[in-house]
Every structure is written in C-alpha cells, then in structure tokens.
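Participant: Pasting a structure here, questions to come.
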Amino acid sequence: MVFEGTRPFESDTGSGSLQAILTIIDPNLGGSGYLERFAQRLPEVAAAALQHLDHDDCDTACYRCLKSYDNQRHHARLSWPPVTSTLEGLRHDPPEAIALSAQDLHDPRPWREAFEAGVGSPLELRCWTHMQAAGLSPAKQHPIHDPETRRLLTIADFAFPDDQVAVYVDGASIHLGHVLRRDRRIEQRLRGMEPPWTVIRLDRRQIDLHSQEMVDRIRTALGPA
Ligand SMILES: [Zn+2]
C-alpha cells in the first residue's frame, strides 16, 4: 500500500480537511489475484463498514467505531461522517477493472473526478452536473446539526440551506435494512425540525434517466425564487 499524499478538501462550513490517496500494489509478477478479489469484495467491505458505523451517540469517533489505544495520537482527527456517502456509493458501485493504457494515465477514473469535484461518488457527480446545467447550485456534502444538541446529525450529499432542502443520492434502490433505518431516523429528525427540512432522495434511475423530472422535483421543493 502506497500513500500518495493528500489534497485539501474544503467543506461548506469552511473547515478544511485532507483527503488521502492510497495505491495498492500487488508485488507478485502477474498478480496473486488478491487485488482482484479485494476489488470485487469492496461493496461487501463498504456495507460492513456502514454497519459498523451505524451506532448511537457518536458524532465523530468513539472506541466503539474508530478509536483504539493504538491510534490514540490521531484521535482528534478521526471522524466517520464525511466518509459515509462514499461508502454508500461504493456499496452499490463495484470497482471496474480498466485496461492499462497510456490514455488511462491522463484520463482519471470517475471516482477521482467525483472527489475532485467535492462530491462522494460518480453518481453524485452526475447528479451535480444535471443540477448545475439547470442553474441549481446546492452546497455539497453539507453538514446539518441538531439545533437542540448542536451535534452533527447528518451530512447531506447536497443541500440548499436557505430553503432547508436536503438531497441524498442513493447508490441503488436496494437498501440494507440497518442503513434504511438510520436514513429514516435522520429524515424524521430533519422533517421534525423547526422550520422543517424537505428531504429529497434520488436514485440512479432518476439521475441517469429522468434528470428533468429530478430537477423539477428539486425546484418544486425550493419553491418560488
Ligand atoms: Zn463511534
């Protein structure tokens, strides 16, 4: 595993963080096959990670999820909410093997493009592109706090904070039970706030096949300009 460095990642609250790029290299000539299996099973790993992170009373990191005695000196930096949308995307978008050619070196993969655009997945990037083309400019990866406890409740994939509209991009129509429960819990909290948030969930079908309807739906939620 090669650590290729970091790049700055600006959140909408202005709090900057760093995103790391890791490259995994199989040193065996011709490959041992482990990397392929690793890649094929990434959706399972992402689903398991999401399950691991589905716990109450934890805003950033605790000993139940990310903290351990060994990583004590990094505790202040540990925070799981920024990665959940990426994991949810990974859960549904298995990695694709691409042929190694000179062109690939200059043609970054969709995930890298998505990260560089400040969104969590290629599907989110396509969603963002449709919204931009329609003149909509939501905040990306927008943190929403519980007004009473001041704790981080959720990071919406996109949000129009002035109109209290939150947009979530689902990787696929099939949800794992526990994720659905957590999503519903968060939706209920958002809808119960004063003033209430409007929550819009979008799936691949809506984004890729019915983008005009998708934009109309968001416009309706935003109300008259
Ligand atoms: Zn925790």
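Please treat every number below as a calculation from the coordinates, not as lab data. Fair warning: this is a prediction, and the values are worked out from it, not measured in the lab. We place every Cβ from the backbone using ideal geometry, glycine too, and count neighbours over all the protein chains shown.
Participant: Could the peptides 23-36, 154-167, 51-64 be put in order, highest first, of the mean number of other beta-carbon atoms found within 10 Å of their residues?
Facilitator: In decreasing order of mean packing, 23-36, 154-167, 51-64 become 154-167, 51-64, 23-36.
Participant: Taking the Cβ of R64 as the centre, find all other residues whose Cβ is under 10 Å away and add up their charges (Lys, Arg: +1; Asp, Glu: -1).
Facilitator: -1
Participant: Listing K67, K140 from the residue with the fewest other Cβ atoms within 10 Å to the one with the most, what is the order?
Facilitator: Arranged by neighbour count, lowest to highest, K67, K140 become K67, K140.
Participant: For labels at T220 and Q51 in the simple 7 Å Cα→Cβ model, what's the distance in nm?
Facilitator: With each label point 7 Å from Cα toward Cβ, the separation is 3.7 nm.
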